[in-house]
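First comes the structure, then the notes that go with it.
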């Protein structure tokens, strides 16, 4: 039985960088027993105690330390090294979603060996990847990909909520993980942003083909954004390689430009709908089937008003499935997707 | 002084897979003294003798064997191993553009060491890559990227021809290599299809920033196609990361679908122009400035008629700069770009 200690030093309070921590705590199959952040000891994160050090966490009997930050570029902040070393020295396994592979670090590898711990780099690409074979157009599952106006606005959570809702209705529904947090949550998947660039679409195809072996309604975790100047390549490769039938467009209400990049404005939602449908492959003309809004800046009344305004503006069903549950959006989606 | 022996076993006659061989022969600074292809000994490739084996090539005094094929997925056909071994055993350096790094092969590495030869993997990513910093929007150079309706239709050759023409006019013009053949030709660059997927745009930014240090008119070698189901992610990452001011849209006249993939039709050229301009970042709204047509299937009259038809259809200047020289297209481009 895996019991996670989430390492979130300096980031446990940050909605962007703390997304791995929060994602695993909210959606993971394995329990999170404590969070390490020396800046917030004694507080809690969604009910899980925050402690100052790995040593302080050991009374909660963790088995596995998870590097719970996702930094731009995927590199590990320098002061983290001591934290990782203390986790390994305590005999904890280490799971990391950094681009910088911890298992390739001779010092950490030796420490792991010494203490009988295992290092698992969640972003390490599997062997044998290549370009797509065309199988992505041949399986029988319905594929629904989340796309978005920006990174880190909740695409993964939307896919997870819709999958959960569909499973609760008895459907053979599958969440298809494409990033390090999704992999930590679901226990399988490929971090498509970490494969050799030529093989993004091939990795995405492999994921949907595997997903189609697990169920017949696939919710593919989206990555990045077509309009994000850093990550658009991964976004389009994932889109074309996963060959979705439908898209759920995610947007954080109030965002007018890409986070931290005011030179990169976000177009209107109708424009984003059109852009995403325009760039679909003719062999699989995907349609936006609904909008998932992140309304965290608004109160409940404000959120409901924003959702209604977006429905009027786009003519498409919209909701905040994380805040209000997936039911309403799922009704609208299944009305078009069924019979699966 | 480098003297290339191009290894093109089984592929020297193939316009798609032989593109590395032909590119280096036509545009490289270093001479190609022979081509190895046991299926065509005694013939010649653009005036360079084709021989059956590496041993037969040694009378031409090569210094460096170049793996002159670019296979889908970038892996090396099995029978090639013996050819590589004989090149290293003859003391030749080995340059390769495969995704599969030859320098990581213990047997080949040992053979190279034994015979004083060096293995250079042209696609190996430099260290320290990350996401873009924004420098791609700040330098003073004009950036012109080739994009296309498909792979392997001549985007690199078009960039090379336009660069050559501009340099002949005395402009501070630079070809910016983004793939293994361009790197072999120009002696610098990054194979953007071989970097970690998250860093495509960052690698592209690094290339244009380096290019802006070398000159003020940059011709960035395009990769893949926005509508290619395998490579579109690399294409969009390169596009957004290189942040071009202008695009030259390349198309092979007569192609109606992606090569070998009849399920993937090529839209009309006006639609492709609109799609490429539509997906530009608002911070750098790139315009298609002209069309470069590959007219190899037509005779001269047919080619000229096709070019005129495309000019009428799109309202943009068009030519086949490889067949007819870069002058006419360059005139049209510089009329809009100047003063640089």
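No lab work stands behind these numbers, since they all come straight from the coordinates. From a predicted model like this one, the values you see are computed outputs, not experimental measurements. Reconstructed Cβ throughout: ideal geometry from the backbone, glycine too, with neighbour counts over all protein chains shown.
Annotations
- With a Förster radius of 30 Å applied to the beta-carbon distance between residue B:3 and residue B:210, the computed FRET efficiency rounds to 0.65.
- Each copy carries a label point for residue A:128 at 7 Å from Cα along the beta-carbon vector; from one copy to the others these points are 3.8 nm apart, nearest first.
- Shielding by partners, peptide B:220-233 (average Cβ within 10 angstrom, other chains): 6
- Hydrodynamic analysis of the protein assembly as shown uses the Kirkwood radius over alpha carbon pairs. Inserted into Stokes-Einstein at 25 °C and 0.890 mPa s, it gives a translational diffusion coefficient of 93 µm²/s.
- For chain A: relative contact order, % (alpha-carbon pairs under 8 angstrom, 6 or more apart): 14
- Burial order of peptide ranges B:293-303, B:177-187 (average beta-carbon count within 10 Å, highest first): B:177-187, B:293-303
- The sum of -39500 (n - 2.57) across all DSSP H runs of n ≥ 4, divided by the residue count of the protein assembly as shown, sets its helix-only mean residue ellipticity at 222 nm to -10000 deg cm²/dmol.
- Take each residue in A:277-284, count the other chain C-beta atoms within 10 Å of its C-beta, and the mean is 5.
- Relative contact order, percent, the range B:4-121 [alpha-carbon distance under 8 Å, six or more residues apart]: 23
- Relative contact order of the range A:197-340, pairs being alpha-carbon contacts under 8 Å that are 6 or more residues apart, as %: 20
- Take residue B:300, push a point 7 Å out from Cα through the beta-carbon direction, and compare it with the same point in every other copy: 8.0 nm, smallest first.
- For chain A, alpha-carbon Rg and Dmax in angstrom: 19.8, 61
- Calculated FRET value between residue A:137 and residue B:255, using beta carbons and R₀ = 25 Å, to 0.05: 0.75
- Build a GNM of chain B with springs between Cα atoms under 10 Å apart, and of B:47, B:211, B:202 the one that fluctuates most is B:47.
- Helix B:232-242 axis versus longest C-alpha principal axis of chain B: approximately 70°, rounded to the nearest ten.
- If you model the range A:4-121 as an ellipsoid using its alpha carbon gyration tensor, with each semi-axis the square root of five times an eigenvalue, the axes come out at 20, 16, 13 Å, biggest first.
- Degrees between helix A:155-168 axis and first principal axis of chain A (Cα, 0 to 90, nearest 10): 80
- Each other copy places its own label point for residue A:60 at 6.7 nm from this one, sorted shortest first, where the point lies 7 Å along the Cα-to-beta carbon line.
- Spatial separation of Cα centroids for the range A:280-307 and the range B:93-144, in angstrom: 42
- Sorted peptide list for B:276-288, B:227-239, criterion being average Cβ within 10 angstrom, highest first: B:227-239, B:276-288
- The mean number of Cβ atoms from other chains found within 10 Å of a Cβ in peptide A:186-197 is 4, as a whole number.
- Packing rank of B:146-157, B:18-29, where each peptide gets the mean count of other beta carbons within 10 Å, highest leading: B:146-157, B:18-29
- Degrees separating the helix A:300-314 axis from the principal Cα axis of chain A, which is the longest one: 50
- Shape of the range A:208-340, Cα gyration tensor, a/c cut at 1.5: oblate
- The calculated FRET efficiency for the pair residue B:287 and residue A:61, based on their C-beta separation and a Förster distance of 41 Å, comes to about 0.10.
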